[in-house]
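For reference, the structure is listed below as structure tokens.
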């Protein structure tokens, strides 16, 4: 299924895997700036990753924050 990823999705997935969002909290705004795309494009890519790689990415909301992890 990884073959179905767009370039942005693949790059974002690898970035999420390499990041420690416990140390530095997830920021859609920072992700959009890093990838030179809009925040909406990041939201769409994350949503797509959760569908395409459901066993490799976890996304949840807790205490007012979005938490994302990938393996």
The stretch 11-26, residues that are surrounded by 10 or more Cβ atoms within 10 Å (Cβ to Cβ) and within 18 Å of residue 65 (Cα to Cα): 16, 19, 21, 25, 26
Condition met for residue 21 (touching a helix residue (DSSP H, G or I) at 6+ places or on another chain (Cβ under 6 Å) and either assigned to a strand (DSSP E or B) or on the phi < 0 side of the Ramachandran plot (or both)): no
Selection count where residues are free of Cβ contacts under 8 Å to residues at least 40 places away in the same chain, in a helix (DSSP H, G or I) and under 15 Å from residue 70 (Cβ atoms), scope the stretch 41-58: 6
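For (1) surrounded by 15 or more Cβ atoms within 10 Å (Cβ to Cβ); (2) under 11 Å from the mean Cα position of the chain (by Cα), each residue gets a yes or a no:
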{"position": "30", "(1), (2)": "no, no"}
{"position": "39", "(1), (2)": "no, no"}
{"position": "43", "(1), (2)": "no, yes"}
{"position": "46", "(1), (2)": "yes, yes"}
{"position": "54", "(1), (2)": "no, no"}
{"position": "60", "(1), (2)": "no, no"}
{"position": "64", "(1), (2)": "no, no"}
Filtered residue count, the stretch 25-40, keeping only those that are out of contact with any helix residue (DSSP H, G or I) (no Cβ under 7 Å at 6 or more places or on another chain), in a helix (DSSP H, G or I) and within 13 Å of residue 12 (Cα to Cα): 3
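Coordinate-derived values only; no laboratory data. Source: prediction; values computed, not measured. Cβ coordinates were reconstructed from backbone atoms using ideal geometry, including for glycine residues, and neighbour counts include every protein chain displayed.
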